[in-house]
Amino acid sequence: MYDVTEIRRDFPILSREVNGKPLVYLDNGASAQKPQVVIDAITRAYAEEYANVHRGLHYLSNLATEKYESTRGVIAKFLGVTDEDEIVMNTGTTMGINTVAYGWGMPNLRAGDEIVLSVMEHHANIVPWHFLRERQGVVIKWVDVDSTGYLDPEAVIAAMGPKTKLVAVTHLSNVLGTVVDVKTICHAARERGIATLVDGSQAAVHMPLNVEEIGCDFYAITGHKLYGPSGSGAIYMRKDRMAEMQPFLGGGDMIREVHKDEVLWNDAPMTFEAGTPGIVQQIGLGVALDYMMGIGMENIAAHEKKLRDYARTRLDGLNWLQVQGTTPDKAAIFSFTLDGAAHAHDISTILDKKGVAVRAGQHCTGPLMDHMGLTATCRASFGMYNTEEEVDKLVDALELAHDLFA
Ligand code: PLP
């Protein structure tokens with residue numbers, strides 16, 4: 001049985017107060033809190049097991065290498081990937097997508113080639129493609145969402161033309177909570193020889209995954225949202241696409257031999273892991289993913305579904321509040337605006353006074369904000385440790401904010 005009280009006990013920060021009130025942490029979409037097992041693993045790695053990886057022949061270096069490398073296997077299992085050499089470890093989604101833009105996009109795309117994006121992408125899945133637009137003349141084609149925030153896979157497929165070389169879409173919108181049918185999109189793209197990148201930053205936190213079934217070429221995740229350390233992460237890259245890539249960052253570890261007039265690359269995935277990596281961060285990420293799998297991704301998803309339904313009912317009861325993103329199967333991520341002139345930042349400041357942590361602003365989604373005709377929203381994003389009681393506290397704090405601004 002899913003025991004949320006027990007899970008909460010695993011996260012020390014959840015028992016602290018903020019502004020004299022018990023913390024209600026609803027900013028999980030930005031970054032999640034860390035369970036004690038991850039904090040302990042980080043401490044142990046530094047206190048007892050630390051050295052640089054891959055290079056030493058001494059005991060500690062071998063131990064650190066073993067621990068660091070074992071995370072690769074954990075990530076592969078978490079993502080449903082058979083061959084762990086298809087997992088490149090990095091600092092998070094931003095690094096993963098830039099690795100694809102520089103490593104695959106630059107050598108393979110020419111002026112006039114098209115990249116299809118949805119309008120609800122995070123800047124991390126927009127700006128690297130703008131680099132290719134500005135520097136190589138690549139054309140970006142945008143696919144809109146409807147008024148509920150739904151992205152029709154058929155609209156994405158319809159945007160795939162003879163010049164389309166890549167489709168890059170989010171699996172779950174960080175603003176609207178929309179879950180995208182990436183499987184249909186990726187299979188259609190594969191039939192047409194088009195590469196696919198899925199931004200899994202948000203989806204990986206909330207649902208069981210099998211990227212081989214999704215059929216994408218690249219799947220990016222970020223560790224700090226997965227209850228792991230900041231500066232940890234990974235990207236799945238299909239072997240046949242890796243073979244089309246050039247290294248992005250040059251330096252130690254990604255080479256086999258360096259001479260005055262020649263460099264021989266290391267084998268993948270090391271080709272894409274230049275320099276000393278986030279050793280302890282990745283060790284912590286492995287522990288975080290094991291912790292999530294121990295609870296069970298199906299169980300986490302079921303708990304969050306109940307929270308979503310409860311939050312939806314409570315927020316729908318506030319007739320002065322507009323939720324953005326109303327697809328029935330969305331994740332427990334609620335962006336909203338309030339009637340009147342109250343700015344999202346003012347609302348979030350009042351919520352903070354009540355101990356309720358939410359995010360306010362554009363959420364790194366400029367094109368989506370333009371599409372919705374908004375400059376900012378407040379966002380309450382739930383995680384595995386949140387409760388219905390916390391939904392009530394959010395609603396109480398919102399009522400206070402509404403009374404103040406009405
Ligand atoms: N993509 C989505 C959907 C996100 O929500 C985020 C983080 O907010 C990112 C990408 C970027 O992740 P990171 O900053 O960890 O690289």
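Values for this structure:
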quantity	calculated
The chain - mean residue ellipticity at 222 nm from DSSP helices (-39,500 (n - 2.57) per run, n ≥ 4, rounded to 500)	-11500 deg cm²/dmol
Least to most buried among 253, 240 (fewest other Cβ within 10 Å first)	240, 253
Crossing angle, helix 279-295 versus the chain [Cα axis fit, 0-90 degrees, rounded to tens]	50
Amide H partners (placed H, <5 Å) of residue 18, local residues excluded	23
Over 18 Å between alpha carbons, listed pairs 354/393; 34/306; 34/305; 353/393; 34/393	34/306; 34/305; 34/393
Dimensionless Rg/Rh of the chain - Kirkwood Rh, Rg from C-alpha atoms	0.98
Evaluated at q = 0.16, 0.19 Å⁻¹: base-10 log I(q)/I(0), Debye formula over Cα of region 347-406	-0.59, -0.77
Relative contact order, percent, the chain [alpha-carbon distance under 8 Å, six or more residues apart]	23
Sequence-separation-based contact order of region 14-85, relative, with Cα cut under 8 Å and 6+ spacing, percent	14
Distance histogram for region 1-69 (every C-alpha pair counted, 10 angstrom bins, percent rounded to whole numbers)	17, 32, 24, 20, 7, 0
All aspartates and glutamates inside 15 Å of residue 21 as judged from Cα atoms, apart from same-chain residues fewer than 8 positions distant	352, 389, 390, 392, 396
Using alpha-carbon coordinates, inclination of helix 182-191 to the longest axis of the chain, degrees	30
Per-residue HN-Hα couplings for region 7-20 [Karplus 6.51, -1.76, 1.60; θ = phi - 60°; Hz; x = Gly/Pro]	4, 4, 5, 6, 10, x, 5, 5, 9, 8, 9, 10, 6, x
Likely footprinting exposure, 82, 365, 65, fewest C-beta neighbours within 10 Å first	82, 65, 365
Antiparallel content of DSSP bridges confined to the chain, in %, to 5	55
Under 20 Å from residue 165, Cα to Cα: lysines that are on another chain or at least 8 residues apart	141, 183, 239
Per-residue ³J(HN,Hα) for region 97-104, Karplus 6.51 cos²θ - 1.76 cosθ + 1.60, θ = phi - 60°, Hz, x for Gly and Pro	5, 5, 4, 6, 4, 7, x, 10
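Each value in this text was obtained by applying a stated rule to the coordinates, not by laboratory testing. Because the structure is predicted, anything quoted here is derived from the model rather than measured. All Cβ positions, glycine included, derive from the backbone under ideal geometry; neighbour counts span all protein chains shown.
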